[in-house]
1. Among 91, 159, 95, 104, which is closer than 20 Å to residue 30 by Cβ and surrounded by fewer than 14 Cβ atoms within 10 Å (Cβ to Cβ)?
2. With the requirement that a residue be closer than 19 Å to residue 114 by Cβ and either in contact (Cβ under 8 Å) with a residue 40 or more places away in the chain or surrounded by fewer than 15 Cβ atoms within 10 Å (Cβ to Cβ) (or both), what does region 166-182 give you?
3. For region 8-29, indicate whether the set of residues that are surrounded by 14 or more Cβ atoms within 10 Å (Cβ to Cβ), over 26 Å from residue 209 (Cβ atoms) and of a type in the set (Lys, Arg) is non-empty.
4. Can you find a residue that is surrounded by fewer than 16 Cβ atoms within 10 Å (Cβ to Cβ) and of a type in the set (Lys, Arg) anywhere in region 111-125?
5. Quick check on region 30-71: of everything there that is over 22 Å from residue 92 (Cα atoms) and β-branched (Val, Ile, Thr), which residue is surrounded by the most Cβ atoms within 10 Å (Cβ to Cβ)?
6. So which residues in region 72-86 are surrounded by 14 or more Cβ atoms within 10 Å (Cβ to Cβ) and charged (D, E, K, R)?
Amino acid sequence: MLRRQVSIYLNGEISPADRPMSGSRRLLIAVDGGARHLRAIDILPDMLIGDLDSITEEDRAWCEAGDVEIRQYPAEKDDTDFELALRFALGRSNGMVHVYGGLGGRLDHTIANISVLAGPAQVGRQVELRRGEERVFFVGQHIQITSPSGTLLSLLPWGEPCTGISTSGLRYPLDEETLFPEHSRGVSNELLTGTAEIRCRKGNLLCIVHPSSY
C-alpha cells in the first residue's frame, strides 16, 4: 500500500484556504456534489464517488471530460457517500487523509461525519475533518499535535468515558485521568509551546483544534 496523502472533498462548506495537498503522491477524491469545490479551482480529482444525486450536470460533465474515474452507487444504500469514499481511501493509502466540506452546514451531517471517523478502521489512521485552521480527529492511543502557541484545543469523550488520559504541553494538563461524555471538562484547553502530546488508554477521544482567534 502506498503512503500517499489523500484529500476528500464533500459537498458541505469549505474555507477559501482548503486547497488540495500538492504533489504527485496524493490521491484526490470528490464525493458527489463536492466536485464543485474542485471545479471552482480547476483541479480535477482522481476519482468521483457516490450516488451522484447532488452533483450538477456541469460538474459531472467536467469530470467526464477530464477522464476522472467515476464510481456510482445506488441512492438506497446503508453507507453514506463519505463512508464509501473513506473506505476506498484507506484501502489505497496509509498516509494522512484530509476531509474538506464535512464541518458546518447541517448539524446532522456534521455529527454523522464525525461518527464515521470513530469507526475502529479509522481511529489511529490520521484522518481529519478540516475547515480552514479547524481540525477534528480522534486521538487513538497517542498523538503529537503541532500548532502555534495559544491554539485552542478541546478533548471530548465520544459515546463513553475515556480513561488513562495524560497530556503535556497544554495549559490544563491531565495525568492518568478520566473524561466523561456528560461533562465538559475537556473543552477549551490551550497549547503552551506549540507542541502537545496526548495519550488515551481506553475510549474514543475526540480532539478539536481551533485557531486562537476563536
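1. 91
2. Initially, region 166-182 is screened for residues closer than 19 Å to residue 114 by Cβ, giving 179-182.
180, 182 - these are the residues of region 166-182 that are closer than 19 Å to residue 114 by Cβ and either in contact (Cβ under 8 Å) with a residue 40 or more places away in the chain or surrounded by fewer than 15 Cβ atoms within 10 Å (Cβ to Cβ) (or both).
3. Restricting attention to region 8-29, the residues satisfying the condition of being surrounded by 14 or more Cβ atoms within 10 Å (Cβ to Cβ) are 8-15, 18-21, 26-29.
Then keep just the ones that are over 26 Å from residue 209 (Cβ atoms); that gives none.
For region 8-29, residues surrounded by 14 or more Cβ atoms within 10 Å (Cβ to Cβ), over 26 Å from residue 209 (Cβ atoms) and of a type in the set (Lys, Arg): absent.
4. No, region 111-125 has no match at all.
5. So the residue we want is 55.
6. Listed by number, the residues that qualify are 81, 83.
Laboratory data are not the source of any read-out in this text; all were calculated from the coordinates shown. All figures in this text were calculated on a predicted structure; none of them were measured in a lab. Glycine also receives a Cβ, built like all others from the backbone with ideal geometry; neighbour counts cover every protein chain displayed.
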